[in-house]
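A short write-up of the structure that comes next.
The values are calculated or read from the model by the stated rules, or taken from the named source; none is laboratory data. Since the model is a prediction, treat every value here as computed from it, not as a measurement. Quick reminder, even Gly has a Cβ in these numbers, built from the backbone with ideal geometry, and neighbours come from all protein chains shown. Just the protein is used for accessible areas: all its heavy atoms, side chains included, with ligands, DNA and RNA removed. Shrake-Rupley method; radii C 1.70, N 1.55, O 1.52, S 1.80 Å.
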Amino acid sequence: MLPPTAGLPVMGAMSARERAMRAGRDGARMLPLVGAPILPMPLHVRRAAAEALNRPDPRDSRGLPELRTAIADDLARVHDLDVDPERRLIVTHGAMQGLSLVFRTVLAPGDEVVVPTPTFFFDGLLRESGARPVHVPTLASDGWALDVARLEAAITTRTRALLICNPNNPTGHLPDAATLEAVVALAARHGLLIISDDSWQHFTYDGREYTPLESFADRWPHIITVMSLSKYYALASWRVGYVIAPPEVVDALECRLQWEAVCCGIVSQSAATATLTGPRDWLESARATYQVKRDYVCDGIAASGLSVPERPEAGAFLLVDCARLGETAEAIDAALLRNGISSIRGADLHAPGNYVRLVFGSDEDVLADVVRGITRAVQEA
């Protein structure tokens, strides 16, 4: 008998990496493209991790109390949210495990989940829970904005939840407070859960502000938010994330996490605690460069001869219309790879097939090579 995961598609990011590796073997120099910053850990974070190696392992399945307190304090300071660290927070092995735990805990076989697209790789996780994603496209001509009326039209008697990416990966769209308030009202009218992946909350541009759905919990408490410490906090190698949810959901998530992992590691949690409670100048100096990087790449793409991209309002990525590079996704992929540029195909993200997702978190000299490579690809087409 095949295992439950047999037949699930490989994540688009993985297949993109394989394509890039193959191109590298064929002679193309692949550019080191990244989204989230990759930074050397400062002394206070290194010291916290080292000291944790000699501490007794408390094995708290909800996460180290000091880390959950640091998270709650950060949410209160930055977003004015009052989140009980004991009853409403659970630490996970990154946001991906958080999403997996949530889906398998609150969804049942046959449930439908309404998902605005383009979107991150949620499908495999949803299908492992037995649920079915119902995709509701957003449009580049609308700035990839959420259309609440379209979301409501997709709701059926089998709909269990709305799944939002805030800000959206891969479009970089940042829903405003009025839109999110309308989403909450929609969920309340139909008695639905809202699940929100807010991994890129700290990367916003042009004076725009991120609004957490949790800020509307007093109107509709059935909101679950999954967070990552990999992005702004540069902890991707440590695999730390967390979930904010109603107490009964956190209780159920803890039971499931105990069975599959017991708890998260004390060393990574100690590093995360030090990052949250210590100085952040090393983080802010990196984040502050991202709007300049975004503008440089967007301007370069526009000058290359490709369609002018929709400038992302948040995140470290954008969708690019590459129709001029080829008539198929495979041809577009090959044109970019020949010039050292790895991307994710739009179709893997439920975007139109002529689009690709590019990331712009790399150093400026790498981004200059990206722009040159895109320009060459247009000239070769």
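The sole residue among Leu186, Leu162, Leu180, Leu193 that is buried (at least 18 other Cβ atoms within 10 Å of the Cβ) and in contact with a Ser or Thr (Cβ under 8 Å, 6 or more places away or on another chain) is Leu180.
Of all residues in the range 190-213, those that are over 21 Å from Thr117 (Cα atoms) have Cβ atoms under 6 Å from Cβ atoms of residues that are outside any loop (DSSP other than H, G, I, E, B), 6 or more apart or on another chain, in Tyr205/Gln291. Does the range 120-134 contain at least one residue that is outside any strand (DSSP E or B), over 26 Å from Gln258 (Cα atoms), in contact with a Ser or Thr (Cβ under 9 Å, 6 or more places away or on another chain) and in contact (Cβ under 8 Å) with a residue 40 or more places away in the chain? Yes, because at least one residue in the range 120-134 is outside any strand (DSSP E or B), over 26 Å from Gln258 (Cα atoms), in contact with a Ser or Thr (Cβ under 9 Å, 6 or more places away or on another chain) and in contact (Cβ under 8 Å) with a residue 40 or more places away in the chain.
The rows are residues; the columns are (1) more than 28 Å from Val356 (Cα to Cα); (2) in a loop (DSSP other than H, G, I, E, B).
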{"site": "Ala149", "(1), (2)": "no, no"}
{"site": "Ile195", "(1), (2)": "no, no"}
{"site": "His202", "(1), (2)": "no, yes"}
{"site": "Thr211", "(1), (2)": "no, yes"}
{"site": "Arg219", "(1), (2)": "yes, yes"}
{"site": "Ile224", "(1), (2)": "yes, no"}
{"site": "Lys231", "(1), (2)": "no, yes"}
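Considering only residues in the range 297-310 that are assigned to a loop (DSSP other than H, G, I, E, B) and without any contact (Cβ under 8 Å) to a residue 24 or more places away in the chain, the one that is surrounded by the fewest Cβ atoms within 10 Å (Cβ to Cβ) turns out to be Val308. Please work out which residue is nearest to Leu33 (Cα to Cα), limiting yourself to the range 325-345 and to residues that are open to solvent by 50 Å² or more (accessible area, probe 1.4 Å) and in a loop (DSSP other than H, G, I, E, B). The residue in question is Thr328.
Take the residues in the range 312-324 that are touching a residue at least 40 places away in the same chain (Cβ under 8 Å) and surrounded by fewer than 22 Cβ atoms within 10 Å (Cβ to Cβ), then tell me which one is nearest to Gly143 (Cα to Cα). That would be Asp321. Under the condition of being out of contact with any Gly (no Cβ under 9 Å at 6 or more places or on another chain) and surrounded by fewer than 21 Cβ atoms within 10 Å (Cβ to Cβ), the residues counted in the range 364-378 number 4. Checking each residue in the range 249-279 for being open to solvent by less than 30 Å² (accessible area, probe 1.4 Å) and either hydroxyl-bearing (Ser, Thr, Tyr) or closer than 19 Å to Phe203 by Cβ (or both) picks out Ser268, Ser270, Ala272, Thr273, Thr275, Leu276.
Of the residues screened, Gln291 is not one that is open to solvent by 40 Å² or more (accessible area, probe 1.4 Å) and under 20 Å from Arg29 (Cα atoms). Residues of the range 73-95 that are assigned to a loop (DSSP other than H, G, I, E, B) and of a type outside the set (Asp, Glu): Leu81, Val83, Pro85, Arg87, Arg88, His93. With respect to Arg294, is the statement that it is assigned to a helix (DSSP H, G or I) and without any contact (Cβ under 8 Å) to a residue 40 or more places away in the chain true? The answer is no for Arg294.
Residues that are of a type in the set (A, V, I, L, M, F, W, C) and not in a helix (DSSP H, G or I) were ranked within the range 41-70; the one that is surrounded by the most Cβ atoms within 10 Å (Cβ to Cβ) is Leu64.
When Gly361 is tested against (1) open to solvent by 50 Å² or more (accessible area, probe 1.4 Å); (2) within 30 Å of Glu66 (Cβ to Cβ); (3) in a loop (DSSP other than H, G, I, E, B), exactly one condition is not met: (1). Pairing residues of the range 229-248 that are more than 21 Å from Pro279 (Cα to Cα) and open to solvent by 10 Å² or more (accessible area, probe 1.4 Å) with residues that are assigned to a loop (DSSP other than H, G, I, E, B) and among the acidic types (Asp, Glu), at Cβ distances under 7 Å and at least 6 apart in sequence or on separate chains, gives no pairs at all.
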